[in-house]
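Worksheet: one structure, shown below.
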Amino acid sequence: MKKYLILAGLFFAGFVLSNCHTSRKATASARKVTYTMDIQPLVAANCSPCHFPDKNGMKKPLNSYTAVKENIDSMLYRIQLNPTDRGFMPFKHPKLSDSVITVFKQWRDNGAPEN
């Protein structure tokens, strides 16, 4: 009887663990990254005021979908530099987190959808 309980417990544990895998998490987090919902707030938070003319910014404007889409490769290159490298962005601010950089990459890799 004791052997059957142990076997049943092992079977149950195996069943539970077999359903705990990362593919479900990846599917849930694989939502579509868009300019309006994801990129625009990140650019506004990390590139303002320098790249926003309406906030007295004097650098290349990044205040529209078209501007960001046209410059995404340059932006990705610069935000991935080390803070000590020439051209690092955001200038005089800490390096963006890997998760934020990944959002920019996902957006570009998925065709840079606006909405």
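The values are calculated or read from the model by the stated rules, or taken from the named source; none is laboratory data. All values derive from a computational prediction rather than experimental measurement. Neighbour counts are summed over all protein chains in view; Cβ atoms, including those assigned to glycine, are modelled from backbone coordinates with ideal geometry.
A few notes on this one:
- Among residues of segment 96-115 being part of a loop (DSSP other than H, G, I, E, B) and under 14 Å from the mean Cα position of the chain (by Cα), the one that is surrounded by the fewest Cβ atoms within 10 Å (Cβ to Cβ) is 97.
- For the criterion of being over 19 Å from the mean Cα position of the chain (by Cα), assigned to a helix (DSSP H, G or I) and farther than 14 Å from residue 104 by Cβ, residue 54 passes.
- Filter pass, residue 85 being over 11 Å from the mean Cα position of the chain (by Cα), modelled with pLDDT of 95 or more, surrounded by fewer than 16 Cβ atoms within 10 Å (Cβ to Cβ) and closer than 20 Å to residue 32 by Cα: no
- All conditions in (1) over 22 Å from residue 87 (Cβ atoms); (2) hydrophobic (A, V, I, L, M, F, W, C); (3) modelled with pLDDT under 95 hold for residue 37, with the sole exception of (3).
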